[in-house]
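*Asks:* Take a look at this one; I'll ask things after.
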Amino acid sequence: MRTTHADDDTRTGGRARRWRRRLGLVATVAVVGAVAHIAGFQPAVSQLATVNAYKADADPGMDPSGGPWARIPGVAVPMTAQATTYPFGGDAIPAVDVRALHYNGQLFVRVEWPDSSVNDSTFGTTLFADAAAVQFPAATGSKVPALCMGQADTGVNIWQWRADTEAGVPQTLPEEDPDGVADHYPITDDLGYPARYVGNPFDSTGAAQNLVAEGFGTLTATPEHPVNAAGVHDGNRWAVVFSRAFPSPGEGQPNLTEGTKTDIAVAAWNGQHQDRNGQKSVSQFVSLDIGDEPVPPDRTPWIVILLVGGLFVGVIASVVVWRITP
Amino acid sequence: MAKVYNWQLGREMEYPYAGGDRERQFAAVFNINRCIACQTCTMACKSTWTHYPGQELMFWNNVETKPYGGYPRSWDAKLLEMQETLDPGGQNWAGTGQADVRSPYGRFDGKTIFETANGTSERVTGYLPDDDEWKAPNNGEDHGTKMGPDGAKLPVHQGWFFYLQRICNHCSYPACLAACPRNAIYKRKEDGIVLIDQERCRGYRKCVAACPYKKSMYRPTTRTSEKCIACYPRIEGQDPISDGVPMETRCMASCIGKIRMQGLVQVEADATWTHDPRNPIYYMVHVEKVALPLYPQFGTQPNIYYIPPRWAPREYLRQMFGPGVDAAIEKYANPSRELLALLQLFRATREVIFAFDVIPGPVAQTLNVGGRSRTIYDDTVVGYDAKGREVARVKVVEPVVTRPGSINSI
Ligand code: SF4
Ligand code: SF4
């Protein structure tokens, strides 16, 4: 049932065609954006693509591989280098595949993108982590906030996953590097970790951060951790599932429910390219519909029965034909 | 980009932010001629602030051997080369100094690290050193250039090296602050100290790449960047033993070679220094011009001022400290009565000295130095703290004390 798979050459029929399509989409976004800008209204880029959040009949869990995810269509969302604010850059990820589900008052968003290298350690000055984030308007109203961190009257809520936090942050040099030697740490209380002491979320261990922003440089982590995230790398691609309960956990975070129509944007960072902060690949906002359409049932058993049955009938028929043929 | 005034360059320059409120600026004078590279300053800092897991390679204070050493390795040579590539043939000083506080060294006509970044994806030209480059605070210790057959003689030694003492410059236009996309770095108006807000920092290391002096460092256990905090509780007079007046930082107060003096100077809104010749730092930087900023051409208006080493090649020193080098060395080699007296105040007290007086004394000695006759006076220099109380009194001629033989036992 996969309809699109952004970076799969065999499935989509070649790199050139894929790029043409991607360029076409980017160009359309640009033209629509420009016209909207001139006409003076906020572009609801939403028309270009819609991610439907299907209703699941069982808890999908946090595993991004298989299960209901394989049975719903992915939406290929093109990405470009962030080019609005310093520092620019980050065009390492051409597109992401986005899917969504909801189950029992909980929204699940799955983001998948090509990345052949796993960068899950930041234990070194030049090491940066693979990461992904989804962004929603702070309120599910009609006005779409500015893509980059929103603006003063229309904020955004961002859920970010990072590979290094999920892998666990080593706490000492020897823990990270078996050849590393530290004679003695005379004091190891929290006062010696100012970031930890003041509650910096980067020094916490959860794989997901929940952030709110109302413009550049205002990104702030919420003290609560209402968002879950988990990522799996299959050798060529990352797939990450985010989830959060529908009710808004606090200011600047959208209230969701079945029937909600809002917007979603995606950002992804490739640690191998030293992507971090504004150096990232970003999408435009696309629509997100939390509907009542159920996840298509798992047809695998029927397909197997049909195949086996067909084979059986074929064999019988062959035998019969063979027998009755003079 | 806003236009701000950089007096060390004698001109306006581009900076991402317009100047904010300023009252006082943390500043210090380091006399390179006296340093013995004992690293007592380095250890005073390390044992106070950076002995926790994840800070193993972190030395907010380090002393390195020039010309070959550097922490991180070749930090200055690398940036000088980048600047030359981005501003080919342009990194020059021109014009004559107006000999006032607005342009004491003439005018720098080249581009600063903010200006060479124009049109790039970054706000500041810089680079991110890897962990290997941070591994030693004084690698290549005591490695000098090749000695000539005649040995070393002043004015310039043939085989030479010198020690460069380095901490964060608490720059008036910090590159670290300019590069931070999080607005997590701030400069305090009351003392000009530059701090990273450990709650807002998200470990992007833009400051590490941007700081030309490489004094913002990454800590992998908290995944944030940390930097020298100028021992701000001491500067605020919070230490109980300082009786509420500003006290010098740990690295300054522990200096064995008595090379360091730290102060707080009054500054104007445009970051020039308010006229205050009784302030020892102001006196050395603006009246005598014996102490010079480190690589002022980078454009951050750094606030550690160095008395250049007498014996090193002038061309090398001019690249490092700007065009004021020759005059500064002349002042140091043939000091005025006031300067000679003031040099005795280094490390005479741990309180920050806000004002000094010189009380004239009798002739102590007449010398012949380099064919010139010099008279040394046994003047007395007195230092005063923030409350105007006397905290140090030193004479130019060190008193000689002869111990009786009876107690001369080791
Ligand atoms: S020396 Fe570096 S870290 Fe210190 S204030 Fe200047 S730019 Fe920032
Ligand atoms: S303590 Fe003083 S003399 Fe020793 S290395 Fe540091 S600056 Fe130089």
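The values are calculated or read from the model by the stated rules, or taken from the named source; none is laboratory data. Computed from a predicted model, the values in this text were never measured in an experiment. Please note: Cβ atoms are built from the backbone with ideal geometry, for glycine as well, and neighbour counts cover all protein chains shown. All accessible areas refer to the heavy atoms of the entire protein, side chains included, with ligands and DNA or RNA removed. Shrake-Rupley method; radii C 1.70, N 1.55, O 1.52, S 1.80 Å.
*Asks:* Excluding same-chain residues fewer than 8 positions from B:Lys189, which aspartates and glutamates have a Cα within less than 17 Å of its Cα?
*Replies:* Qualifying aspartates and glutamates at Cα under 17 Å: B:Asp21, B:Glu23, B:Asp197, B:Glu236, B:Glu268, B:Asp270.
*Asks:* Could I ask something else about it? Search the structure for amide H atoms under 5 Å from the amide H of A:Val51, placed 1.01 Å from N in the peptide plane, and list their residues when 5 or more places away or on another chain.
*Replies:* A:Ser287, A:Leu288, A:Asp289
*Asks:* Is there a simple number for the mean count of other chain Cβ atoms within 10 Å of the Cβ of residues in B:132-138, and what is it? Numbers along the way, then the final one.
*Replies:* On the way: counts 3, 2, 1, 0, 0, 0, 0.
Across B:132-138, the average partner-chain Cβ count within 10 Å equals 1.
*Asks:* Further question on the same structure: Quick one: dipole size for the protein assembly as shown, taken about the Cα centre, charges +1 on Lys/Arg Cβ and -1 on Asp/Glu Cβ, in debye to the nearest 20. All intermediate terms of the calculation are to be shown ahead of the outcome.
*Replies:* Details: 72 positive and 79 negative charges, 280 e Å.
It works out to roughly 1340 debye.
*Asks:* Could you tell me the relative contact order of chain B? Use alpha-carbon pairs under 8 Å, at least six residues apart, and round to a whole percent. The partial results should precede the final answer.
*Replies:* On the way: 908 pairs, mean separation 80.3, N = 410.
Answer for chain B is 20 percent.
*Asks:* Related question: Just grab the label-to-label distance for B:Arg337 and B:Val101, each label 7 Å out from Cα along the Cβ direction, in nm (one decimal).
*Replies:* Label at B:Arg337, label at B:Val101, 2.6 nm between them.
*Asks:* On the first, second and third principal axes, largest extent first, how far apart are the outermost C-alpha atoms of the range A:46-298 in Å?
*Replies:* Taking max minus min along each principal axis of the Cα atoms, the range A:46-298 gives 61, 43, 33 Å.
*Asks:* Still on this structure, I have one more. Report, in whole Å, the centroid distance computed from the Cα atoms of the range B:32-89 and the range A:191-232.
*Replies:* 32
*Asks:* Another one. Could you state the angle between the C-alpha long axis of helix B:75-86 and the longest principal axis of the C-alpha atoms of chain B, as a value from 0 to 90 degrees rounded to the nearest 10?
*Replies:* 50
*Asks:* How many angstrom lie between the Cα centre of the range A:102-150 and the Cα centre of the range B:226-252?
*Replies:* Rounded to whole Å, the Cα centres lie 42 Å apart.
*Asks:* Report the per residue volume, in Å³, of the convex hull enclosing the C-alpha atoms of the protein assembly as shown.
*Replies:* On the way: hull volume 179.6 nm³, N = 736.
Cα-based convex hull of the protein assembly as shown, divided per residue, equals 244 Å³.
*Asks:* Which values, in whole Å and largest first, are the semi-axes of the equivalent ellipsoid of the range B:53-121 obtained as the square root of 5 times each eigenvalue of the Cα gyration tensor?
*Replies:* On the way: eigenvalues 169, 68, 34 Å².
The three semi-axes for the range B:53-121 are 29, 18, 13 Å.
*Asks:* Note the angle between two axes, namely the Cα long axis of helix B:40-49 and the longest principal axis of the Cα atoms of chain B, as a number of degrees from 0 to 90, rounded to the nearest 10.
*Replies:* Between the helix axis and the principal axis of chain B, the angle is about 50 degrees.
*Asks:* Could I ask something else about it? Rank these residues by their accessible area, most exposed first, probe 1.4 Å: B:Arg278, B:Arg200. Intermediate values should be presented prior to the final figure.
*Replies:* Numbers: B:Arg278 110, B:Arg200 50 Å².
Ranked from most to least accessible, the order is B:Arg278, B:Arg200.
*Asks:* Another one. Going by amide H atoms built from the backbone, whose H comes under 5 Å of the H on B:Thr224, apart from near neighbours?
*Replies:* Residues meeting the criterion, in which the H sits 1.01 Å from N, are B:Arg219.
*Asks:* Under a 1.4 angstrom probe, counting protein chains only, how are B:Val363, B:Val29, B:Val369, B:Val396 ranked by accessible area, largest first?
*Replies:* Descending accessible area places them as B:Val363, B:Val369, B:Val396, B:Val29.
*Asks:* Measure off 7 Å from each Cα along the Cα-to-Cβ vector at B:Ser373 and A:Asp63, then give the distance between these two points in nanometres to one decimal.
*Replies:* 9.8
*Asks:* Computed FRET efficiency, Cβ-Cβ of A:Val232 and A:Thr188, R0 41 Å: what is it to the nearest 0.05?
*Replies:* Numbers: r = 33 Å, r/R0 = 0.82.
Between A:Val232 and A:Thr188 the formula returns 0.75.
*Asks:* OK, next. Taking every alpha carbon pair in the range B:2-336, what does the distance histogram look like in 10 angstrom bins from 0, in percent?
*Replies:* Spelled out bin by bin, the range B:2-336 gives 6, 26, 38, 25, 5, 0 percent.
*Asks:* Another question about this same structure. Output ³J(HN,Hα) for the range A:169-182: one whole-Hz value per residue in order, computed from phi by the Karplus curve 6.51 cos²θ - 1.76 cosθ + 1.60 with θ = phi - 60°, and x for Gly and Pro.
*Replies:* 9, x, 9, 9, 4, x, 5, 7, 10, x, 8, x, 10, 10
*Asks:* Okay, next question. Can you pull the Kirkwood radius for the range B:255-400, inverse mean 1/r over Cα pairs, to one decimal in Å?
*Replies:* Working: mean 1/r = 0.0611 Å⁻¹.
Value: 16.4 Å, from the Cα pair sum.
*Asks:* Moving on to the next point. So if I restrict to the alpha-carbon atoms in the range A:189-320, what is the Rg, and what is Dmax, the biggest pairwise distance, in Å?
*Replies:* 23.5, 84
*Asks:* Could you rank B:Ile196, B:Ile241 by how accessible they are, 1.4 Å probe, largest area first? Walk me through the numbers before you get to the answer.
*Replies:* Values: B:Ile196 20, B:Ile241 100 Å².
Sorted by accessible area, descending: B:Ile241, B:Ile196.
*Asks:* Please list, by residue number, everything in the range B:300-337 whose backbone N is under 15 Å from a paramagnetic label point 7 Å out along Cα→Cβ of B:Asn92.
*Replies:* B:323
*Asks:* Just how much of A:Val315 is accessible, in Å², when a 1.4 Å probe is used and the result is rounded to the nearest 10?
*Replies:* Approximately 80 Å² for this residue.
*Asks:* Using a 1.4 Å probe on the protein heavy atoms only, what accessible surface does B:Glu12 show? Give it in Å² to the nearest 10.
*Replies:* For B:Glu12, the solvent-accessible surface is approximately 100 Å².
*Asks:* Moving on to the next point. Counting only other chains, and only Cβ atoms inside 10 Å, what mean value do you get across the residues of A:277-285? Each step should come with its number before you reach the end.
*Replies:* Working: counts 8, 4, 5, 0, 0, 0, 0, 0, 0.
Average per residue, whole number: 2.
*Asks:* How far apart, in nm, are the 7 Å Cα→Cβ label points at A:Val321 and A:Thr50?
*Replies:* Using points 7 Å along Cα→Cβ, the separation is 4.7 nm.
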